[in-house]
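Below: one structure, written as C-alpha coordinates.
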Amino acid sequence: MKVTDLSDVEPRRRRVAVGTFDGVHLGHREVIRGADTVLTFEPHPAAIVSPAGAPRLLTPLERKAELIGELGVQELVVVPFDEDFAARSAESFVDDVLVGGLRAGHVSVGENFRFGNKAKGDTQRLLADDRFETRVVPLLEVDGEVVSSSHIRGLVLGGAVEYADKLLGAPFTFCGEVTKGDQRGRTLGFPTANLHLRPGLLLPPDGVYAVTVTVDGARHAGVMNIGVRPTFAGRRRMIEVHLLDFTGDLYRRWLVVHLIERLRGEKAFPGPDALRAAIAADVARARDVLAGEASLASG
(Lines give C-alpha, C1' and ligand atoms only; values in the text may rest on other atoms or scores of the structure.)
Protein backbone atom coordinates (compact mmCIF):
# COMPACT_ATOMS: atom_id res chain seq x y z
CA MET A 1 0.00 0.00 0.00
CA LYS A 2 1.20 3.47 -0.87
CA VAL A 3 1.35 6.02 1.97
CA THR A 4 1.37 9.64 0.86
CA ASP A 5 0.86 13.15 2.17
CA LEU A 6 -2.31 14.90 1.03
CA SER A 7 -0.24 17.50 -0.83
CA ASP A 8 1.43 14.77 -2.90
CA VAL A 9 -1.59 12.81 -4.15
CA GLU A 10 -1.71 11.93 -7.81
CA PRO A 11 -4.75 12.99 -9.82
CA ARG A 12 -7.18 10.07 -10.23
CA ARG A 13 -10.74 9.11 -9.40
CA ARG A 14 -11.01 7.52 -5.96
CA ARG A 15 -13.30 5.60 -3.62
CA VAL A 16 -12.37 7.20 -0.30
CA ALA A 17 -12.98 6.16 3.30
CA VAL A 18 -12.46 9.06 5.71
CA GLY A 19 -11.76 8.96 9.43
CA THR A 20 -9.21 9.05 12.23
CA PHE A 21 -9.37 5.24 12.48
CA ASP A 22 -7.42 4.92 15.74
CA GLY A 23 -7.28 1.17 16.33
CA VAL A 24 -8.68 0.20 12.90
CA HIS A 25 -11.33 -1.75 14.81
CA LEU A 26 -14.24 -3.77 13.42
CA GLY A 27 -16.38 -0.67 12.93
CA HIS A 28 -13.58 1.12 11.10
CA ARG A 29 -13.11 -1.91 8.88
CA GLU A 30 -16.72 -1.73 7.79
CA VAL A 31 -16.27 1.95 6.86
CA ILE A 32 -13.12 1.08 4.89
CA ARG A 33 -14.70 -1.90 3.10
CA GLY A 34 -14.84 -1.25 -0.66
CA ALA A 35 -12.55 1.80 -0.58
CA ASP A 36 -9.34 1.96 -2.61
CA THR A 37 -8.10 5.01 -0.64
CA VAL A 38 -8.21 5.87 3.06
CA LEU A 39 -7.89 9.48 4.21
CA THR A 40 -6.72 9.90 7.80
CA PHE A 41 -5.17 12.54 10.05
CA GLU A 42 -1.83 12.84 11.84
CA PRO A 43 -1.63 13.69 14.66
CA HIS A 44 -5.01 12.78 16.15
CA PRO A 45 -7.19 15.90 15.65
CA ALA A 46 -7.90 16.09 19.38
CA ALA A 47 -4.20 16.70 19.99
CA ILE A 48 -4.63 20.03 18.18
CA VAL A 49 -8.23 20.97 18.92
CA SER A 50 -8.26 20.03 22.64
CA PRO A 51 -4.78 18.86 23.64
CA ALA A 52 -5.64 18.52 27.33
CA GLY A 53 -8.26 15.92 26.46
CA ALA A 54 -6.40 14.15 23.66
CA PRO A 55 -6.57 10.36 24.05
CA ARG A 56 -3.60 8.04 24.26
CA LEU A 57 -3.40 6.23 20.94
CA LEU A 58 -4.32 2.63 20.24
CA THR A 59 -2.33 2.74 17.02
CA PRO A 60 0.49 5.07 15.96
CA LEU A 61 0.53 5.91 12.27
CA GLU A 62 2.90 3.05 11.37
CA ARG A 63 0.63 0.42 12.95
CA LYS A 64 -2.47 2.07 11.48
CA ALA A 65 -0.90 1.89 8.02
CA GLU A 66 -0.02 -1.78 8.52
CA LEU A 67 -3.57 -2.70 9.52
CA ILE A 68 -5.19 -0.68 6.73
CA GLY A 69 -2.80 -2.20 4.19
CA GLU A 70 -3.93 -5.67 5.27
CA LEU A 71 -7.48 -4.73 4.22
CA GLY A 72 -6.48 -4.44 0.57
CA VAL A 73 -6.49 -0.65 0.39
CA GLN A 74 -4.29 0.76 -2.38
CA GLU A 75 -3.41 4.12 -0.82
CA LEU A 76 -3.32 5.76 2.59
CA VAL A 77 -3.47 9.55 2.34
CA VAL A 78 -2.34 11.38 5.46
CA VAL A 79 -3.48 14.90 6.35
CA PRO A 80 -0.90 16.75 8.49
CA PHE A 81 -3.44 18.01 11.00
CA ASP A 82 -2.46 21.40 12.44
CA GLU A 83 -4.19 24.60 13.55
CA ASP A 84 -4.55 25.81 9.98
CA PHE A 85 -6.28 22.61 8.90
CA ALA A 86 -8.46 22.67 12.02
CA ALA A 87 -9.63 26.15 11.00
CA ARG A 88 -10.69 24.94 7.54
CA SER A 89 -14.45 25.19 6.97
CA ALA A 90 -16.60 22.16 6.25
CA GLU A 91 -17.19 23.51 2.75
CA SER A 92 -13.45 23.84 2.14
CA PHE A 93 -12.85 20.28 3.34
CA VAL A 94 -15.37 18.97 0.81
CA ASP A 95 -14.41 21.28 -2.06
CA ASP A 96 -10.64 21.33 -1.69
CA VAL A 97 -9.83 17.97 -0.10
CA LEU A 98 -12.46 15.44 -1.16
CA VAL A 99 -13.31 16.84 -4.58
CA GLY A 100 -10.35 19.01 -5.60
CA GLY A 101 -7.53 16.99 -4.03
CA LEU A 102 -8.74 13.39 -4.03
CA ARG A 103 -11.29 13.57 -6.86
CA ALA A 104 -13.58 11.36 -4.83
CA GLY A 105 -16.38 9.65 -6.70
CA HIS A 106 -17.45 7.71 -3.63
CA VAL A 107 -17.02 8.68 0.04
CA SER A 108 -17.49 6.31 2.98
CA VAL A 109 -17.76 7.55 6.59
CA GLY A 110 -19.13 6.41 9.93
CA GLU A 111 -22.47 7.84 11.06
CA ASN A 112 -20.82 9.97 13.76
CA PHE A 113 -18.22 11.51 11.43
CA ARG A 114 -17.85 15.29 11.78
CA PHE A 115 -15.51 17.61 9.91
CA GLY A 116 -14.56 21.21 9.36
CA ASN A 117 -14.03 24.07 11.79
CA LYS A 118 -15.90 23.49 15.06
CA ALA A 119 -17.12 20.16 13.58
CA LYS A 120 -19.89 21.91 11.67
CA GLY A 121 -19.83 19.38 8.82
CA ASP A 122 -21.79 16.14 9.19
CA THR A 123 -23.01 13.18 7.15
CA GLN A 124 -26.06 15.11 5.91
CA ARG A 125 -23.71 17.66 4.35
CA LEU A 126 -21.95 14.84 2.48
CA LEU A 127 -25.17 13.11 1.41
CA ALA A 128 -26.47 16.38 -0.04
CA ASP A 129 -23.44 16.77 -2.34
CA ASP A 130 -24.15 15.29 -5.78
CA ARG A 131 -20.52 15.43 -6.93
CA PHE A 132 -19.90 12.06 -5.25
CA GLU A 133 -21.83 9.17 -3.80
CA THR A 134 -21.81 8.94 0.01
CA ARG A 135 -22.02 5.78 2.08
CA VAL A 136 -22.81 6.34 5.77
CA VAL A 137 -22.01 3.30 7.89
CA PRO A 138 -24.05 2.78 11.07
CA LEU A 139 -22.17 2.26 14.33
CA LEU A 140 -21.34 -1.39 14.79
CA GLU A 141 -22.48 -3.24 17.92
CA VAL A 142 -20.94 -6.41 19.37
CA ASP A 143 -22.59 -8.11 22.34
CA GLY A 144 -24.83 -5.08 22.76
CA GLU A 145 -21.93 -2.61 22.98
CA VAL A 146 -21.01 -0.01 20.37
CA VAL A 147 -17.56 -0.68 18.95
CA SER A 148 -15.60 2.55 19.36
CA SER A 149 -12.00 3.57 19.95
CA SER A 150 -12.93 5.07 23.33
CA HIS A 151 -14.62 1.85 24.45
CA ILE A 152 -11.61 -0.19 23.40
CA ARG A 153 -9.28 2.18 25.25
CA GLY A 154 -11.33 1.57 28.37
CA LEU A 155 -11.04 -2.18 27.92
CA VAL A 156 -7.27 -2.01 27.50
CA LEU A 157 -6.91 0.28 30.52
CA GLY A 158 -8.98 -2.21 32.52
CA GLY A 159 -6.80 -5.13 31.46
CA ALA A 160 -9.50 -6.80 29.35
CA VAL A 161 -7.15 -7.24 26.42
CA GLU A 162 -8.85 -10.41 25.14
CA TYR A 163 -12.14 -8.56 24.61
CA ALA A 164 -10.33 -5.50 23.22
CA ASP A 165 -8.64 -7.82 20.70
CA LYS A 166 -12.07 -9.16 19.71
CA LEU A 167 -13.38 -5.66 18.95
CA LEU A 168 -10.17 -4.63 17.22
CA GLY A 169 -10.21 -7.70 14.97
CA ALA A 170 -6.50 -8.18 15.75
CA PRO A 171 -4.35 -8.20 18.90
CA PHE A 172 -3.73 -4.89 20.62
CA THR A 173 -0.14 -4.05 19.71
CA PHE A 174 2.62 -1.65 20.65
CA CYS A 175 6.23 -1.27 19.57
CA GLY A 176 9.42 -0.45 21.41
CA GLU A 177 13.19 -0.47 21.23
CA VAL A 178 15.13 -2.79 23.52
CA THR A 179 17.30 -0.85 25.97
CA LYS A 180 19.82 -1.88 28.59
CA GLY A 181 18.39 -3.07 31.90
CA ASP A 182 19.86 -4.30 35.17
CA GLN A 183 19.70 -7.93 33.92
CA ARG A 184 17.82 -9.00 37.03
CA GLY A 185 15.64 -11.31 34.94
CA ARG A 186 18.73 -13.15 33.76
CA THR A 187 19.75 -13.88 37.35
CA LEU A 188 16.30 -15.41 37.88
CA GLY A 189 16.69 -17.66 34.85
CA PHE A 190 14.27 -15.67 32.68
CA PRO A 191 16.17 -13.03 30.67
CA THR A 192 14.03 -10.10 29.62
CA ALA A 193 14.15 -7.38 27.00
CA ASN A 194 13.46 -3.94 28.46
CA LEU A 195 11.35 -1.87 26.09
CA HIS A 196 11.42 1.89 25.60
CA LEU A 197 8.19 3.22 24.06
CA ARG A 198 7.45 6.55 22.46
CA PRO A 199 5.22 8.82 24.60
CA GLY A 200 1.50 9.13 24.00
CA LEU A 201 0.70 5.44 23.48
CA LEU A 202 -1.95 3.59 25.44
CA LEU A 203 -0.74 0.87 27.83
CA PRO A 204 -2.65 -1.73 29.83
CA PRO A 205 -2.46 -1.80 33.64
CA ASP A 206 0.46 -3.29 35.55
CA GLY A 207 0.57 -7.05 35.46
CA VAL A 208 1.73 -10.12 33.57
CA TYR A 209 0.54 -10.88 30.04
CA ALA A 210 0.79 -13.69 27.51
CA VAL A 211 2.06 -12.06 24.33
CA THR A 212 3.47 -12.80 20.94
CA VAL A 213 6.45 -10.74 19.84
CA THR A 214 7.54 -10.00 16.29
CA VAL A 215 11.30 -9.87 15.81
CA ASP A 216 12.62 -9.35 12.27
CA GLY A 217 9.36 -10.58 10.77
CA ALA A 218 9.07 -13.75 12.88
CA ARG A 219 6.58 -14.06 15.74
CA HIS A 220 7.63 -15.65 19.03
CA ALA A 221 5.68 -16.63 22.13
CA GLY A 222 6.43 -14.54 25.19
CA VAL A 223 5.52 -13.28 28.63
CA MET A 224 5.44 -9.56 29.41
CA ASN A 225 5.51 -7.77 32.75
CA ILE A 226 4.47 -4.15 33.13
CA GLY A 227 5.11 -2.58 36.50
CA VAL A 228 7.55 -1.41 39.12
CA ARG A 229 8.88 -4.84 40.28
CA PRO A 230 7.69 -4.52 43.90
CA THR A 231 9.62 -7.60 45.04
CA PHE A 232 12.76 -5.51 44.61
CA ALA A 233 11.19 -2.27 45.90
CA GLY A 234 11.22 -0.77 42.42
CA ARG A 235 9.61 2.58 41.69
CA ARG A 236 10.07 3.15 37.97
CA ARG A 237 7.45 1.60 35.72
CA MET A 238 9.10 -0.78 33.26
CA ILE A 239 8.04 -3.00 30.38
CA GLU A 240 9.93 -6.29 30.27
CA VAL A 241 9.41 -9.12 27.79
CA HIS A 242 10.70 -12.67 28.08
CA LEU A 243 10.68 -14.58 24.78
CA LEU A 244 10.08 -18.30 25.14
CA ASP A 245 12.59 -20.60 23.46
CA PHE A 246 14.54 -17.72 21.94
CA THR A 247 18.28 -17.27 21.80
CA GLY A 248 20.03 -14.19 20.48
CA ASP A 249 20.86 -10.61 21.30
CA LEU A 250 17.86 -8.26 21.29
CA TYR A 251 19.64 -5.09 22.43
CA ARG A 252 18.66 -2.03 20.37
CA ARG A 253 16.31 -4.11 18.24
CA TRP A 254 12.74 -3.08 17.55
CA LEU A 255 10.08 -5.41 18.99
CA VAL A 256 6.39 -5.51 18.14
CA VAL A 257 4.38 -6.85 21.08
CA HIS A 258 0.91 -8.33 20.53
CA LEU A 259 -1.13 -8.68 23.73
CA ILE A 260 -3.13 -11.91 23.91
CA GLU A 261 -4.25 -12.37 27.53
CA ARG A 262 -3.71 -10.86 30.98
CA LEU A 263 -2.44 -13.61 33.27
CA ARG A 264 -2.40 -11.81 36.63
CA GLY A 265 -1.75 -8.51 38.34
CA GLU A 266 1.68 -7.50 39.53
CA LYS A 267 2.42 -8.44 43.15
CA ALA A 268 5.28 -8.48 45.63
CA PHE A 269 6.80 -11.84 46.55
CA PRO A 270 8.75 -12.71 49.71
CA GLY A 271 12.00 -13.00 47.76
CA PRO A 272 13.74 -14.09 44.54
CA ASP A 273 12.93 -17.80 44.96
CA ALA A 274 9.19 -17.16 45.27
CA LEU A 275 9.32 -14.76 42.32
CA ARG A 276 11.21 -17.33 40.25
CA ALA A 277 8.52 -19.93 40.94
CA ALA A 278 5.78 -17.46 40.01
CA ILE A 279 7.50 -16.58 36.73
CA ALA A 280 7.85 -20.28 35.91
CA ALA A 281 4.10 -20.68 36.49
CA ASP A 282 3.44 -17.62 34.29
CA VAL A 283 5.55 -19.13 31.51
CA ALA A 284 3.70 -22.46 31.74
CA ARG A 285 0.34 -20.73 31.58
CA ALA A 286 1.45 -18.52 28.69
CA ARG A 287 2.47 -21.63 26.76
CA ASP A 288 -1.04 -23.00 27.21
CA VAL A 289 -2.68 -19.71 26.21
CA LEU A 290 -0.48 -19.31 23.12
CA ALA A 291 -0.59 -22.94 22.00
CA GLY A 292 -3.27 -22.17 19.44
CA GLU A 293 -1.59 -19.07 18.02
CA ALA A 294 -0.63 -19.53 14.38
CA SER A 295 2.71 -18.65 12.78
CA LEU A 296 4.81 -18.71 15.95
CA ALA A 297 8.50 -19.26 15.44
CA SER A 298 11.14 -20.43 17.88
CA GLY A 299 14.92 -20.35 17.91
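Would it be correct to say that ALA52 is in a helix (DSSP H, G or I), surrounded by 15 or more Cβ atoms within 10 Å (Cβ to Cβ), assigned by TED's automatic domain parsing to the domain that holds GLU10 and among the small types (Gly, Ala, Ser)?
So ALA52 fails the test.
Yes or no, residue by residue, for (1) assigned by TED's automatic domain parsing to the domain that holds GLY176; (2) among the aromatic types (Phe, Trp, Tyr); (3) within 30 Å of GLU62 (Cα to Cα):
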residue	(1), (2), (3)
HIS242	yes, no, yes
TYR251	yes, yes, yes
PRO270	yes, no, no
ALA277	yes, no, no
ALA280	yes, no, no
GLY292	yes, no, yes
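Among the residues of the range 104-118, what is the count of those that are assigned to a helix (DSSP H, G or I), of a type in the set (D, E, K, R) and in contact with a Ser or Thr (Cβ under 7 Å, 6 or more places away or on another chain)?
The qualifying residues number 0.
Within the range 90-99, is there a residue that is more than 15 Å from ILE32 (Cα to Cα), under 27 Å from the mean Cα position of the chain (by Cα) and without any contact (Cβ under 8 Å) to a residue 60 or more places away in the chain?
yes
So for the range 277-292 (the condition being of a type outside the set (Gly, Ala, Ser), part of a loop (DSSP other than H, G, I, E, B) and loosely packed, with under 15 Cβ neighbours inside 10 Å), does at least one residue qualify?
no
Run ARG153 past the list (1) touching a residue at least 40 places away in the same chain (Cβ under 8 Å); (2) among the basic types (Lys, Arg); (3) loosely packed, with under 13 Cβ neighbours inside 10 Å and report the number of the one that doesn't hold.
Looking at each condition in turn, ARG153 falls short on (3).
Examine the range 32-41 for a residue that is in contact (Cβ under 8 Å) with a residue 60 or more places away in the chain, crowded, with 21+ Cβ neighbours inside 10 Å and in a helix (DSSP H, G or I), and state whether such a residue exists.
yes
List the pairs whose first member sits in the range 120-148 and is at pLDDT below 95 and outside any strand (DSSP E or B), whose second member is charged (D, E, K, R) and surrounded by 12 or more Cβ atoms within 10 Å (Cβ to Cβ), and whose Cβ atoms are under 8 Å apart, counting only residues at least 6 apart or on separate chains?
none
Can you tell me how many residues in the range 74-103 are part of a loop (DSSP other than H, G, I, E, B) and in contact with a Ser or Thr (Cβ under 7 Å, 6 or more places away or on another chain)?
2
Say whether the condition of being part of a loop (DSSP other than H, G, I, E, B) and in contact with a strand residue (DSSP E or B) (Cβ under 6 Å, 6 or more places away or on another chain) is met by at least one residue in the range 218-232.
The answer is no, given that none of the residues of the range 218-232 is part of a loop (DSSP other than H, G, I, E, B) and in contact with a strand residue (DSSP E or B) (Cβ under 6 Å, 6 or more places away or on another chain).
Name, by its number, the condition in (1) surrounded by 18 or more Cβ atoms within 10 Å (Cβ to Cβ); (2) without any contact (Cβ under 8 Å) to a residue 60 or more places away in the chain; (3) of a type in the set (A, V, I, L, M) that does not hold for ILE260.
With (1) surrounded by 18 or more Cβ atoms within 10 Å (Cβ to Cβ); (2) without any contact (Cβ under 8 Å) to a residue 60 or more places away in the chain; (3) of a type in the set (A, V, I, L, M) applied to ILE260, the lone miss is (2).
So LEU67 fits all but one of (1) touching a residue at least 12 places away in the same chain (Cβ under 8 Å); (2) assigned to a helix (DSSP H, G or I); (3) surrounded by fewer than 20 Cβ atoms within 10 Å (Cβ to Cβ); what number is the exception?
(3)
Does any residue of the range 205-217 turn out to be closer than 23 Å to LEU263 by Cα, more than 14 Å from the chain's Cα centre (by Cα) and assigned to a loop (DSSP other than H, G, I, E, B)?
Within the range 205-217, one or more residues are closer than 23 Å to LEU263 by Cα, more than 14 Å from the chain's Cα centre (by Cα) and assigned to a loop (DSSP other than H, G, I, E, B).
Answer yes if at least one residue in the range 268-281 is under 25 Å from ALA164 (Cα atoms) and not aliphatic (A, V, I, L, M), and no otherwise.
no
Give me the pairs: first residue in the range 177-190 and more than 20 Å from VAL257 (Cα to Cα), second residue among the hydroxyl-bearing types (Ser, Thr, Tyr) and modelled with pLDDT of 75 or more, beta-carbon distance under 6 Å, and six or more apart or on different chains, which are they?
So the pair list comes out empty.
Within the range 195-230, track down each residue that is surrounded by fewer than 20 Cβ atoms within 10 Å (Cβ to Cβ) and touching a Gly at 6+ places or on another chain (Cβ under 6 Å).
The answer is HIS196, LEU197, PRO205, ASP206, GLY207, VAL228.
The values are calculated or read from the model by the stated rules, or taken from the named source; none is laboratory data. Since the structure is predicted, the reported quantities are computational estimates derived from the model, not experimental observations. Because the Cβ atoms are built from the backbone with ideal geometry, glycine has one as well, and the counts that use them run over all protein chains shown.
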